[in-house]
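Engineer: Following this message is one structure expressed as structure tokens.
The values are calculated or read from the model by the stated rules, or taken from the named source; none is laboratory data. Small disclaimer: the values here were computed from a predicted structure and weren't measured. A quick note on method: Cβ atoms are made from the backbone with ideal geometry, for glycine too, and the neighbour counts reach across all protein chains shown. In case anyone asks, the SASA skips ligands and DNA or RNA and just uses the protein heavy atoms, side chains included. Shrake-Rupley method; radii C 1.70, N 1.55, O 1.52, S 1.80 Å.
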Amino acid sequence: MKKVVVLLCLAVGIFSCKKAEETPKVTPEIAAVTPELADNAVIYEVNIRQYSPEGTFNAFTQDIPKLKEMGVKILWLMPIHEIGIKNRKAKGDKSIEQITDPKEREKYLGSYYSVKDYRSINAKFGTKADFAKLVQTAHENGIYVILDWVANHTAWDHPWVEQHNDFYTRDKAGKMIAPFDWTDVVELDFNNKAMRKAMVDDMKYWLTDLNIDGFRCDVAGEVPTDFWDATRVELNKVKPIFFLAEAEKPEMLKNAFDMQYGWEAHHLFNQIAKGEKTVAAFDAYMTKLDTVLQKDDINMYFTSNHDENSWNGTEYERMGDAVETFAALSYTMPGMPLIYNGQEYDLKKRLRFFEKDTIPHTAGKMGAIYEKLGALKTNNVALHGGKVKASYVRLATSNDTNILAFVREKDGKKVIYVANMSKKPNTFTFLVEGSFADYMTGEKVVLAKDQSHSFKPWEYKIFVQ
């Protein structure tokens with residue numbers, strides 16, 4: 001086999017072999033994406049810069065088998081591209097151009113979402129070969145890889161700014177503009193068909209050359225839906241993909257996207273944890289979903305992500321003692337649960353967004369919890385939350401203001417979630433009878449219809465038959 005490779009290199013020339021080394025291709029080690037992927041998947045968001053002290057692909061890759069143990073099936077990488085320097089954000093309203101001390105300037109690494117070149121790799125993270133190894137290792141562990149894609153804007157020093165300045169939106173004075181108050185980026189003009197094609201070509205590159213499995217699309221709701229619809233068609237010609245929208249617009253799920261953010265549920269988690277709302281608000285939300293979502297639409301549920309952690313606080317700041325309760329809820333309600341890197345290590349600090357800041361890797365409480373919840377999500381069809389979901393039925397209790405109880409069921413399997421969604425102890429009854437296992441403890445439990453249950457603040461149970 002080695003002789004064949006040598007002969008091929010001689011035949012096509014040294015330049016071709018060198019080019020192949022510079023753009024390594026990943027051999028397929030995993031089946032193509034199918035709709036069934038979302039049924040029992042857990043998605044994990046990784047911030048390469050902050051994941052390890054090294055902040056490299058290789059440092060993260062060695063931990064991929066640990067993600068498999070947590071039931072992770074989709075790995076979402078925050079942007080891995082080269083970051084723009086022009087107008088790069090530093091601290092407050094300052095850009096690095098306003099900081100004169102060279103050593104201080106070096107601290108500010110910029111926003112991952114200020115992309116200087118869509119086909120580039122951030123050299124601080126490693127090489128294309130390193131990234132290819134990450135993808136292949138994930139595939140070998142049964143994990144699909146999706147890449148964060150920033151379609152709405154680019155860095156001010158992206159080559160398009162000089163080479164194709166008609167690709168960008170302009171104000172009445174004809175000047176390129178930044179979206180919102182994001183001064184480190186410049187907004188793209190989706191009325192320009194050439195820009196659309198160039199972007200789709202860049203997305204295809206990651207599918208063909210690096211063998212990734214899809215994209216998480218940043219601020220997807222700010223980009224015309226027809227662009228996403230057409231792009232999905234084009235990308236599927238290359239390979240089947242998984243498409244996640246950072247948006248909560250059900251119309252975007254009709255053709256383009258497989259999954260959207262469950263932002264409303266996330267805000268409800270925070271509000272209930274703070275005592276600002278009760279279970280009644282969650283019940284109203286679940287009823288609303290029946291009217292706004294199609295049966296095969298998927299929401300992603302989470303207690304944290306990179307934005308929430310850095311800008312609104314850790315889940316412990318926002319949810320206090322209710323963190324585990326809502327994490328378990330995100331796994332048991334219909335949809336797909338997200339883990340943001342560090343949550344498995346009980347991350348209790350806000351990661352700095354524009355600077356190097358490493359997550360802890362000390363074993364904590366939540367690592368074992370996520371592993372156990374991941375096993376249930378993976379192996380019990382009653383928690384299917386994808387295209388063909390298990391049923392969700394609210395179970396009435398004697399205290400529906402504070403107690404949330406529901407049953408998920410599919411193919412004869414049944415899972416019941418019951419939780420005291422308040423900071424006070426509560427006693428209640430609910431109409432369930434039969435023999436179950438308390439999933440988190442393994443204890444056998446017999447439930448009777450008129451049985452009284454006393455739950456501590458934020459106590460929850462998952463019963464399986």
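Engineer: Quick one: what pairs do we get from the range 67-89, first residue closer than 18 Å to Ile146 by Cα, second at pLDDT below 95, C-beta under 6 Å, 6+ apart or different chains?
Structural biologist: Cβ pairs passing all conditions: none.
Engineer: Among the residues of the range 203-213, are any of a type outside the set (S, T, N, Q), within 30 Å of Gly262 (Cβ to Cβ) and surrounded by fewer than 17 Cβ atoms within 10 Å (Cβ to Cβ)? Can you show your working first?
Structural biologist: Let us first name the residues in the range 203-213 that are of a type outside the set (S, T, N, Q), namely 203-207, 209-210, 212-213.
Filter once more, so that each one left must be within 30 Å of Gly262 (Cβ to Cβ): 203-204, 206-207, 210, 212-213.
Subset that is surrounded by fewer than 17 Cβ atoms within 10 Å (Cβ to Cβ): 204.
Yes, there is a match, as at least one residue in the range 203-213 is of a type outside the set (S, T, N, Q), within 30 Å of Gly262 (Cβ to Cβ) and surrounded by fewer than 17 Cβ atoms within 10 Å (Cβ to Cβ).
Engineer: Sort out which residues of the range 183-205 are in contact (Cβ under 8 Å) with a residue 60 or more places away in the chain and among the aromatic types (Phe, Trp, Tyr), and write them in order of number.
Structural biologist: Hit for the range 183-205 is Tyr205, nothing else.
Every residue, every condition in (1) buried (at least 20 other Cβ atoms within 10 Å of the Cβ); (2) in a helix (DSSP H, G or I), yes or no:
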{"site": "Glu344", "(1), (2)": "yes, yes"}
{"site": "Lys356", "(1), (2)": "no, no"}
{"site": "Ile369", "(1), (2)": "yes, yes"}
{"site": "Lys372", "(1), (2)": "no, yes"}
{"site": "Gly385", "(1), (2)": "yes, no"}
{"site": "Val388", "(1), (2)": "no, no"}
{"site": "Tyr392", "(1), (2)": "no, no"}
{"site": "Thr401", "(1), (2)": "no, no"}
{"site": "Leu404", "(1), (2)": "yes, no"}
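Engineer: For Asn270, all conditions in the list (1) touching a residue at least 40 places away in the same chain (Cβ under 8 Å); (2) touching a strand residue (DSSP E or B) at 6+ places or on another chain (Cβ under 9 Å) hold save one; what is the number of the exception?
Structural biologist: Here Asn270 clears every test but (2).
Engineer: A further question follows. Could you list, in sequence order, all residues of the range 210-239 that are closer than 20 Å to Leu134 by Cα and in a loop (DSSP other than H, G, I, E, B)? Before the answer, list the steps.
Structural biologist: First, the residues of the range 210-239 that are closer than 20 Å to Leu134 by Cα: 210-216, 239.
Answer for the range 210-239, where residues must be closer than 20 Å to Leu134 by Cα and in a loop (DSSP other than H, G, I, E, B): Leu210, Asn211, Ile212, Asp213, Lys239.
Engineer: In the range 98-138, which residues are acidic (Asp, Glu) and within 18 Å of Phe353 (Cα to Cα)?
Structural biologist: Those that are acidic (Asp, Glu) and within 18 Å of Phe353 (Cα to Cα): Glu104, Glu106.
Engineer: Taking the range 358-367 as the search range and keeping residues that are open to solvent by 80 Å² or more (accessible area, probe 1.4 Å) and of a type outside the set (Ser, Thr, Tyr), which one is nearest to Ala328 (Cα to Cα)?
Structural biologist: Within the range 358-367, the subset open to solvent by 80 Å² or more (accessible area, probe 1.4 Å) is 362-363, 365.
Applying the additional criterion that residues be of a type outside the set (Ser, Thr, Tyr) yields 363, 365.
Working: Ala363: 19, Lys365: 13 Å.
The qualifying residue nearest to Ala328 (Cα to Cα) is Lys365.
Engineer: Taking the options Asn152, Asn141, Asn122, name whichever one is closer than 29 Å to Ala31 by Cβ and either of a type outside the set (Ser, Thr, Tyr) or touching a residue at least 24 places away in the same chain (Cβ under 8 Å) (or both). Step through it out loud before you land on a result.
Structural biologist: Details: Asn152 fails: closer than 29 Å to Ala31 by Cβ; Asn122 fails: closer than 29 Å to Ala31 by Cβ.
Asn141 is the lone residue from the list that is closer than 29 Å to Ala31 by Cβ and either of a type outside the set (Ser, Thr, Tyr) or touching a residue at least 24 places away in the same chain (Cβ under 8 Å) (or both).
Engineer: Given the options Ile146, Ile121, name the one that is part of a loop (DSSP other than H, G, I, E, B), at pLDDT 95 or above, open to solvent by less than 30 Å² (accessible area, probe 1.4 Å) and hydrophobic (A, V, I, L, M, F, W, C). Even if it seems obvious, please write down each step before you answer.
Structural biologist: Working: Ile146 fails: part of a loop (DSSP other than H, G, I, E, B).
On inspection, the qualifying residue turns out to be Ile121.
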